[in-house]
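Read through the structure below, which is laid out as structure tokens, and then see the notes.
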Amino acid sequence: MICGSKCFLVEMELDGTKQIKQVTARTPVGARKVIRGKYGAEVEILSVKKERRNH
């Protein structure tokens with residue numbers, strides 16, 4: 001885990017189905033890079049939101 005990393009919820013569309021994946025990254029741009037690296041360039045990313053945790 002990288003110092004300063006946070007959890008992001010990435011909403012994406014892959015093969016016609018919407019999915020929400022949890023990604024650990026420093027920034028929203030980093031979260032997009034992780035998704036594109038894992039699923040390829042054909043995935044359509046709809047939104048990236050910082051996960052809110054209730055403590």
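Annotation: peptides 8-15, 47-54, ranked by per-residue average of other Cβ atoms within 10 Å with the highest first, follow the order 8-15, 47-54.
For the chain, rounded, prolate or oblate, judged on the Cα gyration tensor with a ≥ b ≥ c (square roots of eigenvalues), a/c < 1.5 rounded, else prolate if a/b > b/c? Oblate is the answer for the chain, as a/c is 1.5 or above yet b/c matches or exceeds a/b. Under the criterion of Cα pairs below 8 Å and six or more residues apart, the relative contact order for the chain equals 42 percent. Around the amide H of Arg26, modelled in the peptide plane, lie the amide H atoms of Lys6, all under 5 Å away and 5 or more residues distant in sequence or on another chain.
Axis angle, to the nearest 10 degrees, between helix 28-39 and the longest C-alpha principal axis of the chain: 40 degrees.
Accessible surface computed residue by residue for the chain, with neighbouring protein chains in place and a 1.4 Å probe, gives 77 Å² per residue.
What is the sum of charges, Lys and Arg at +1 and Asp and Glu at -1, for the other residues whose Cβ falls under 9 Å from the Cβ of Val48? So the surrounding residues net to +2. How far apart, in nm, are two points set 7 Å out from the Cα along the Cα-to-Cβ line at Asp15 and at Arg53? Calculated label separation equals 3.2 nm. Full extension of the segment from Glu42 to Ser5, taken as 0.36 nm per residue of separation minus the current Cα-Cα distance, would add 10.7 nm. Counted by Cβ distance under 13 Å from Lys18, the other residues give a net charge of -3, where Lys and Arg count +1 and Asp and Glu count -1.
The values are calculated or read from the model by the stated rules, or taken from the named source; none is laboratory data. In this text, all values refer to a predicted model and were calculated from it rather than measured experimentally. No Cβ is skipped: glycine too gets one built from the backbone with ideal geometry, and neighbour counts run over all protein chains shown. Ligands, DNA and RNA are excluded from the accessible area calculation, which covers all protein heavy atoms including side chains. Shrake-Rupley method; radii C 1.70, N 1.55, O 1.52, S 1.80 Å.
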